[in-house]
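First the structure, in the form of structure tokens, and then the observations on it.
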Amino acid sequence: MTAELLIFYFMAIMAVGGAVCVVLPPFGRNPLHAALALLVSFFFVAGIFVMLSAHLVAVLQILVYAGAVMVLFVFVVMLLNLKKDELKGARWTPWKVFGVGAGLVMFTKLALAVVVVTEGETPVNLAAEGFTGYGGIHDVGAALVTTYLLPFELTSILLLVAIIGAVLVARRQTGGAS
Amino acid sequence: MLGNGASLAYVIPEGILGVTVALVMALGSFKPTRTRGVLAAAGIAGMAAALAATAAGVSWPDGTVLAFHGNIVSDGMVAVFRLVFLLTGLLTIVFAYGSDEVDTRDFGDMTAMIAASVMGMCFMAAAADLLMMYLAMEFVGILSYVLAGLKREDQRSSEAALKYVIFGAASSGVALFGMSLLYGIAGDTSLAAVRAVLVGHGFEPLGLMALVMILAGLGYKMAAVPFHMWCPDVYQGAPTPITAFFSVAPKAAGFALTLRLMDLLLGGIDGDAGASLGHGLAVLIGLVSMATMTVGNLSALKQTSVKRLLAYSSIAHAGYLLMGVATIPAIMGPSPDYTGFRAVFFYLVIYLFMNLGAFLVVTRVVTRLGSDDVSAFRSLGRRSPLAAVVMAIFLFSLVGLPPTAGFAGKFYLFYAILSQGSAFFYILALVGVANSFISLFYYARIVRVMFLDKSPDTRPVPVGALAAVVLVILAIPTILFGIWFGPLVDLAGWVFI
């Protein structure tokens, strides 16, 4: 077991553990604690991106998710300002048990399938294959304006229309144009 | 594979729509309360221009062209589906113009949203890359959430929008996870690369699971059971013209993307490589189809709100259409046969006319009488003879009775699955026929209420000149395509030549 593998396992366990803490007690009981657990998950996912040579994506993960998205979450939590008795523990219903069971079956199947597919695959040495700038700003930027120009431009239109949609939904029905 | 500059010639209708979106938004910012007519005219003109361009053969190559570095594909199928989306969008703007459910202040933004959403749907039909597929799906999804919540003063509309968002986010998350698995297997987002790797390494088990997850996301767009829960609430809560749009366009886009995905991954693949995957998917989609039409039809029986009833009817129709998608084994092998896929398109076009027609009548009734309850339709035969007669035509076509177009559409679908010649498809056809009989009860109930039940209020219900013209325009193909469907068969022939 190499050092890289050990670091990967550490990051993966922390990322998954953080995500689990978001929904499970004791952290899941308190929205703010859940948001902080999500922050832990985001950070370690960024770490995994670094290990995959996706440096730019790792930085964006921290800036956008751990930064902007997290601020938004905390903002919403504070805005809703739920009281203690509104945050009572969830009860188990037959559907939830069924859902958890189905989720576990799905997880097992997927895990087994991934093991089958990745069997015998060896890691690729990116530098030896000639991907020297792989994952850097230059390479990602070049891909965005050449191969992926259409999705890139479509995203910009989507964001524009989504902002207008958000304004439309938030606008008051009556009273002036303000 | 074309570069970005050369590809522009293959997205001209989408370009026209983009300009329309910008134009309508700009116009909408000037005194929005007085410009409803101008905005509607601009929206309709943009849609009509894109429609005319497509019909004239612009961006309609003879063969198949991979454009924008393989992100999208341009072929006859994209072109004919563009016609469906654009026609639906255009008619929706006409419906909304005459409806009082959409506030005039919101009219410009609504028109822009519809045009943008139609653009997203065109890209859904054209996607040849996982990234493009997901982006186009989200494009249509996010705009739909806003459109569903347009009536902000109405709690049901807000509830509809929220339910739509939550279901949409969950299902697109599942689909995205499936796509990430395919990307993990292939190391490339292009569907051609995914197919090559899957053929080389075998499809199961991860490929199958990934595809099932993607199909779950698409099932939500099509409102197939068990992903249909959002559908009745959203259809009831949204403004009626928008409901009409939802019941046809995103559903058609979901089917277009499903057909495209199946063709790009499995079309013409040789015997062994994908045989078990193809047959497994066919059985899965067949079972979903049976469940969808049965649940849709049985739930529709008890509904008292016509909007809700048509929502369940649209779920049932997704079930009929899925029968055509289940013919996946036919498109594999050295001589692929796309009859089933063509039947889906054929039925979608007919469904467009009959369903939009039925919704236009509901739109007018809601605007005039303020209710979409079945009781509001009492004596409509006397109070508004034209609306009642065309409504009866649309409803009988939805049942699939001859000589309406609905019969021709169902006939083509059943022909496609019966020619598969295996026991499973015979059972599927049997369930489909049984469901058509069930559907007769609730459609005929509306007809009975319109012509036989007495209403305490006997004042005439004026439909309006514009709506009357549009109703007749929609009723003509609903009957004509039942007798003379040659041109439609020719058009469907463009779906995978």
Discussion item. Below 13 Å, Cα to Cα, which aspartates and glutamates can B:Lys307 reach? Residues fewer than 8 away in the same chain don't count.
Written reply: B:Asp233, B:Asp372, B:Asp373
Item to complete: Quick one: compute the contact order of chain B, relative version, from alpha carbon pairs under 8 angstrom and 6+ residues apart, as a percent.
Response: 14 percent
Discussion item. Show me, for region B:20-26, the HN-Hα J-couplings you get by feeding each phi into the Karplus relation (A = 6.51, B = -1.76, C = 1.60, θ = phi - 60°), rounded to Hz, glycine and proline as x.
Written reply: 4, 4, 4, 4, 5, 5, 5
Response to the item:
Computed ³J(HN,Hα) along region B:92-97: with the Karplus parameters 6.51/-1.76/1.60, θ = phi - 60°, integer Hz and x for glycine or proline, the list is 4, 5, 4, 4, 5, 4
Fill in: Radius of gyration and Dmax over the Cα atoms of the protein assembly as shown, both given in Å
25.5, 85
Worksheet item: Helix B:240-266 versus the longest principal axis of chain B: what is the Cα-based angle in degrees, 0 to 90, to the nearest 10?
Response: 10 degrees
Fill in: For region B:370-394 versus region B:231-309, the gap between their alpha-carbon centres in whole angstrom
29 Å
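Helix-only estimate, please: 222 nm mean residue ellipticity of chain B, summing -39500 (n - 2.57) across DSSP H runs of length 4 or more and dividing by its residues, to the nearest 500.
Numbers: 21 runs with 373 residues, N = 497.
So the helix-based figure for chain B works out to -25500 deg cm²/dmol.
What is the packing order of peptides B:334-344, A:72-82, B:70-80, taking the mean over residues of other C-beta atoms within 10 Å and listing the highest first? Write down the numbers at each step before the final one.
On the way: B:334-344: 20.2, A:72-82: 11.2, B:70-80: 24.1.
Output ranking for B:334-344, A:72-82, B:70-80: B:70-80, B:334-344, A:72-82.
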Worksheet, complete the sentence: Footprinting proxy, B:Ser99, B:Ser180: sorted fewest to most Cβ within 10 Å, the residues are B:Ser180, B:Ser99
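Averaged over peptide A:104-112, how many Cβ atoms belonging to another chain are found within 10 Å of each residue's Cβ? Before the final figure, lay out the partial values.
Working: counts 0, 0, 2, 0, 0, 4, 7, 0, 3.
That average works out to 2.
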Fill in: Euclidean distance of C-alpha centroids, region A:152-173 and region B:420-436, integer Å
44 Å
Practice prompt. For region B:111-123, take each phi angle, set θ = phi - 60°, evaluate the Karplus expression 6.51 cos²θ - 1.76 cosθ + 1.60, and give the result in whole Hz per residue in order, putting x for glycine and proline.
Written response: 4, 4, 4, 5, 4, 5, 5, 4, 4, x, 5, 4, 6
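Taking a ≥ b ≥ c as the square roots of the eigenvalues of the Cα gyration tensor of region A:1-88, is the shape rounded (a/c under 1.5), prolate (a/b larger than b/c) or oblate? Walk me through the numbers before you get to the answer.
Numbers: a/c = 5.82, a/b = 1.74, b/c = 3.34.
Oblate shape, in that a/c is at least 1.5 and b/c is the bigger or equal ratio.
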Discussion item. Can you tell me which of A:Val69, A:Val45, A:Val116 moves the most in a GNM of chain A? Springs connect C-alpha atoms under 10 Å apart.
Written reply: A:Val116
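Where Rh is the Kirkwood radius over the Cα pairs of region B:268-497, the temperature 10 °C and the viscosity 1.306 mPa s, what D in µm²/s does Stokes-Einstein return?
86 µm²/s
Can you give the relative contact order of chain A as a percent, counting alpha carbon pairs under 8 Å and 6+ residues apart?
On the way: 96 pairs, mean separation 29.3, N = 178.
Relative contact order here is 16 percent.
What trypsin sites (Lys or Arg not before Pro) does region B:376-472 have in DSSP loop regions with at most 12 other beta carbons within 10 Å?
Working: sites: B:Arg378, B:Arg382, B:Arg383, B:Lys410, B:Arg445, B:Arg448, B:Lys454; in loops: B:Arg378, B:Lys454.
Listed in order of number, the matching sites are B:Lys454.
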Item to complete: Check each of the trypsin sites (Lys or Arg not before Pro) in region A:99-173 and keep only those in coil by DSSP with at most 11 other C-beta atoms within 10 angstrom; list them in order.
Response: A:Arg172
Discussion item. If I model a spin label at A:Thr146 and A:Val115 as a point 7 Å from the Cα along the Cα→Cβ vector, what separation in nanometres do I get?
Written reply: 4.1 nm
Fill in: Helical segments meeting 27 Å axial Cα length and Kyte-Doolittle 0.5 threshold in chain A (DSSP H)
A:3-23, A:31-51, A:94-118, A:149-170
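Do the alpha carbons of any pairs in B:Lys163/B:Lys221; A:Lys96/B:Lys302; A:Lys96/B:Lys151 sit beyond 23 Å of each other, and which pairs?
Values: B:Lys163/B:Lys221 14 Å; A:Lys96/B:Lys302 29 Å; A:Lys96/B:Lys151 33 Å.
From the list (B:Lys163/B:Lys221; A:Lys96/B:Lys302; A:Lys96/B:Lys151), the Cα-Cα distance tops 23 Å for A:Lys96/B:Lys302; A:Lys96/B:Lys151.
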Discussion item. For B:Lys31, give me every one of the aspartates and glutamates with a C-alpha distance below 14 angstrom, ignoring sequence neighbours fewer than eight places off in its own chain.
Written reply: B:Asp103, B:Asp106, B:Asp109
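Laboratory data are not the source of any read-out in this text; all were calculated from the coordinates shown. Note that the structure is a prediction, hence the values are computed from the model and not measured. Glycine gets a Cβ as well: all are built from the backbone with ideal geometry, and neighbour counts include every protein chain shown.
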